[in-house]
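> Following this message is one structure expressed as structure tokens.
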Number of protein chains: 4
Amino acid sequence: MSPERIRILITGGTFDKEYDELTGQLYFKDSHLPEMIALGRCNLKLEVRTLMMVDSLEMTDADRKLIVEQCRKAPESRIVITHGTDTMVTTAQALAADIGGKTIVLTGAMVPYKFGSSDGLFNLGSALAFAQTLSPGVYIAMNGCYFRAERVRKNRQTGIFETAE
Amino acid sequence: MSPERIRILITGGTFDKEYDELTGQLYFKDSHLPEMIALGRCNLKLEVRTLMMVDSLEMTDADRKLIVEQCRKAPESRIVITHGTDTMVTTAQALAADIGGKTIVLTGAMVPYKFGSSDGLFNLGSALAFAQTLSPGVYIAMNGCYFRAERVRKNRQTGIFETAE
Amino acid sequence: MSPERIRILITGGTFDKEYDELTGQLYFKDSHLPEMIALGRCNLKLEVRTLMMVDSLEMTDADRKLIVEQCRKAPESRIVITHGTDTMVTTAQALAADIGGKTIVLTGAMVPYKFGSSDGLFNLGSALAFAQTLSPGVYIAMNGCYFRAERVRKNRQTGIFETAE
Amino acid sequence: MSPERIRILITGGTFDKEYDELTGQLYFKDSHLPEMIALGRCNLKLEVRTLMMVDSLEMTDADRKLIVEQCRKAPESRIVITHGTDTMVTTAQALAADIGGKTIVLTGAMVPYKFGSSDGLFNLGSALAFAQTLSPGVYIAMNGCYFRAERVRKNRQTGIFETAE
């Protein structure tokens, strides 16, 4: 029995930031998801779509509506969303309020994939695994753990996601 | 609710191979698991033990008995085992024949973690996620997928794990 | 005959920038020079000193006076200075105006050493080689080339150093 | 004044070894020199030729004759040769016995470029610098140092090149 197809929706975030060597600034160019999927020798059936390439601090209500809409109309019932960590909880809760019957897993990275010390590949591996095994609902997968959208917060001091009581 | 503690048993495999710059050979020194767990900013409760550091082609029946024994007597009911890919299926089946009531996930890498293009971090992320969510049984987590020990083989031509009918 | 001791003066620059995973900003912590020297298996006699850790756009006249002073009073006659590329030419010319009889080579990087795609290690290798072989004078070593302080500029469009007529 | 064109002759060696993920063996595919030159943002005029891709322990007298011949007939008077470290001294001495009036610099790496901890980029940077600045003769550039072909040996215990009295 082969696994169901999973949709990956790319929204940007630290995951995909690059270093501009002329300005010394971080910026977005293309997503690194295809490269990361290849590096992981990932053999899942995937449908990868880039919705936007933004820092999640700059994500608008309209952006979130687009994400919700794309999840609703996706033919797949299992979805992974790459997202900046700063407002990942906000987007997860917007999805949880609106979408039922699908397993949606948001993930991201604390350090850009292209930099030596990124957690991105680890998080992507865990997010794809959680998307295959968790029952319908909206989740955040970070730090090796998963959290329900309704009960999670990012600890700004440590950068670690934790259960919100 | 915080997740249960997971035991990680290290047995060596490509995961942990290093390059000896004097001889030009690959060899084992210390495990890179602690470094990989730190890189993944993994916040799970983990108990990490090194059982052996061997190429899985050189793993003996006695080695496999030790692995089975360690899984049986572990207080944790969720276990991840890092293992060479060549005989990962053999060890998984030995575990499946002997152990019940625990979720055991074997994983490994096609390229050593210390080399630039390793799939190790991706696989570790997925294995830890599968260990938290799959029901009791013995599984292999490779290429983003999971397989029951009873129905998996490594395709020697492609290096990809696939369902054995 | 073993080579003369070379002094390395660290002033910061892109070379040594790191990514702060909590703020998403680049910042300075410790210099990576010792790690780079080890990676290069460098067997030269070196005396490494950190003078400052600054972005070269923020380097003041007082900072430049300190650098000149440190080069003048150094017992070594061969010196390598790591420096941000934006004002590297300014510092090189300040040194050329004031110091005679020593071979001083400034180098830097377009991308931080800790990021995957840095030119830092290549530049450090070439700077240490130029410092051993060029006659007294002040030079910039970038892009595999060397330039006299009096006749070099950084092309802001391309990020490449080139001869100024 | 722009620098003279430098010829780079590729012969293989640890520099260019890769990891075969199906067999677990090291092997040669394409040279990484072009990628390394790009990473170093090298702006020198270079003419890069692959002569062979061999482990230097397997280099034959005929291979060495070819290298000598290629250096003799090259239009450039400055040449860098990438070479395995085990017999680098032998090839350097064969060149020194036969070629006059050119600056030839042999370099290599203790760890393959594609592995995380390679000294290759550092050595390439220094070799290209030495090739521009040293007077005619045959040299080995390793560990940040240069050695005349006539007075160098590789210390097998430490992997470090050193002056032979």
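Here, each number is a calculation from the coordinates, and none is a lab measurement. This is a predicted model, so every value here is computed, not measured. Using ideal geometry, Cβ is built from the backbone for each residue, glycine included, and neighbour counts are taken over all protein chains shown.
> Collect residues whose amide H, placed 1.01 Å from N in the peptide plane, falls under 5 Å from the amide H of D:Ile8; neighbours closer than 5 in sequence don't count.
Here D:Glu47, D:Val48, D:Arg49, D:Val80 satisfy the definition.
> Which ³J(HN,Hα) values, rounded to whole Hz and listed in residue order, are derived for the range D:41-52 from phi using the Karplus coefficients 6.51, -1.76 and 1.60 in 6.51 cos²θ - 1.76 cosθ + 1.60 with θ = phi - 60°, glycine and proline given as x?
Along the range D:41-52, the couplings run 6, 5, 10, 6, 7, 10, 10, 9, 10, 8, 8, 6 Hz.
> Kindly give the distances from C:Ala97 to its copy-mates, label point to label point, with each label point 7 Å from Cα along Cα→Cβ, as nm values to one decimal ordered shortest first.
Copy-to-copy label distances for C:Ala97: 5.6, 6.2, 8.3 nm.
> 222 nm [θ] for the protein assembly as shown, helices only, -39500 (n - 2.57) per DSSP H run of 4+, per residue, to 500? Before the final figure, lay out each step's value.
On the way: 16 runs with 180 residues, N = 660.
Mean residue ellipticity at 222 nm (helix-derived): -8500 deg cm²/dmol.
> Under a no-solvent Debye model with one identical scatterer per Cα of the protein assembly as shown, what's log10 I(q)/I(0) at q = 0.11 Å⁻¹?
-1.11
> Can you list the copy-to-copy distances for B:Phe28, using a point 7 angstrom from Cα toward Cβ, in nanometres, shortest first?
Distances to the matching label points in the other copies: 3.2, 4.5, 4.5 nm.
> Next question, about the same structure. From the phi of every residue in the range D:82-90, what ³J(HN,Hα) in whole Hz does the Karplus formula 6.51 cos²θ - 1.76 cosθ + 1.60 yield, where θ is phi - 60° and glycine or proline is x?
8, 7, x, 7, 4, 10, 4, 5, 4
> Using θ = phi - 60° and the Karplus curve 6.51 cos²θ - 1.76 cosθ + 1.60, what whole-Hz ³J(HN,Hα) does each residue of the range C:92-101 get, with Gly and Pro shown as x?
4, 6, 4, 5, 5, 6, 10, 10, x, x
> Return the percentage of antiparallel bridges among DSSP beta bridges fully within the range C:24-165, rounded to the nearest 5 %. Intermediate results must be reported in sequence, preceding the final value.
Details: 7 of 16 bridges.
Counting only bridges with both partners in the range C:24-165, antiparallel ones make up about 45 percent.
> Can you tally the net charge around D:His83? Count Lys and Arg as +1, Asp and Glu as -1, for every other residue whose Cβ sits under 11 Å from the Cβ of D:His83. Walk me through the intermediate numbers first.
Details: positive: D:Arg64; negative: D:Asp16, D:Asp55, D:Asp63, D:Asp86.
Every neighbour counted, the sum reads -3.
> Let me check I've understood the local charge: for D:Ile6, count other residues with C-beta under 15 angstrom from its C-beta, Lys and Arg +1, Asp and Glu -1. What total comes out?
Numbers: positive: D:Arg5, D:Arg7, D:Lys45, D:Arg49, D:Arg78, D:Lys102; negative: D:Glu4, D:Glu47, D:Glu76.
Net of charged neighbours comes to +3.
> Across the residues of D:16-26, average count of Cβ atoms on other protein chains within 10 Å?
On the way: counts 0, 2, 3, 11, 3, 12, 5, 1, 11, 1, 4.
Counting Cβ atoms of other protein chains within 10 Å of each residue's Cβ and averaging gives 5.
> Please give the average number of partner chain Cβ atoms lying within 10 Å of the Cβ of each residue in C:145-157, rounded to a whole number. Mind dumping the intermediate values first?
Numbers: counts 8, 4, 0, 1, 0, 0, 1, 0, 0, 0, 0, 2, 1.
Mean shielding count: 1.
> What does the average come to when, for each residue of peptide B:36-45, you count the partner chain Cβ atoms lying within 10 Å of its Cβ? The partial results should precede the final answer.
Working: counts 1, 2, 2, 8, 11, 16, 8, 8, 4, 0.
That average works out to 6.
> Taking the Cα centre as origin and putting +1 on Lys and Arg beta-carbons and -1 on Asp and Glu beta-carbons, what dipole magnitude results for the range D:97-162, to the nearest 20 debye?
Its charge dipole is roughly 100 debye.
> Total Lys pairs in the range A:28-133 closer than 21 Å by alpha-carbon, pairs eight or more apart in sequence or interchain only?
On the way: A:Lys29/A:Lys114; A:Lys45/A:Lys73; A:Lys45/A:Lys102; A:Lys65/A:Lys73; A:Lys65/A:Lys102; A:Lys73/A:Lys102.
Total qualifying Lys-Lys pairs in the range A:28-133 comes to 6.
> Provide an ascending nm list, one decimal, of label-point separations from B:Thr50 to the equivalent residue in each further copy; define each label point as 7 Å from Cα along Cα→Cβ.
When each copy's label point is compared with this one, the spacings are 3.1, 3.8, 4.2 nm.
> Now a separate question. Please list, in chain and number order, the residues 5+ apart from B:Val54 or on another chain whose amide H is under 5 Å from its amide H, with Hs placed from the backbone.
Sorted by chain and number, the residues that satisfy this are B:Gly12, B:Gly13.
> So, one more: Which chain D residue puts its Cβ closest to the axis that rotates D onto B, and at what distance in whole Å?
Of all Cβ atoms in chain D, the one nearest the axis gives D:Phe115, 2.
> I want to check the label-to-label distance for B:Glu35 and B:Asp61. Put each point 7 Å from Cα in the C-beta direction and report it in nm to one decimal.
With each label point 7 Å from Cα toward Cβ, the separation is 3.7 nm.
> For q = 0.11 Å⁻¹, what log10 I(q)/I(0) does the range A:31-143 give under the Debye formula with an equal point scatterer on each alpha carbon and no solvent?
-0.32
> D:Arg49 to A:Thr163: FRET efficiency via 1/(1 + (r/R0)^6), r the Cβ-Cβ distance, R0 56 Å, to the nearest 0.05?
Values: r = 61 Å, r/R0 = 1.09.
With a Förster radius of 56 Å, E is 0.40.
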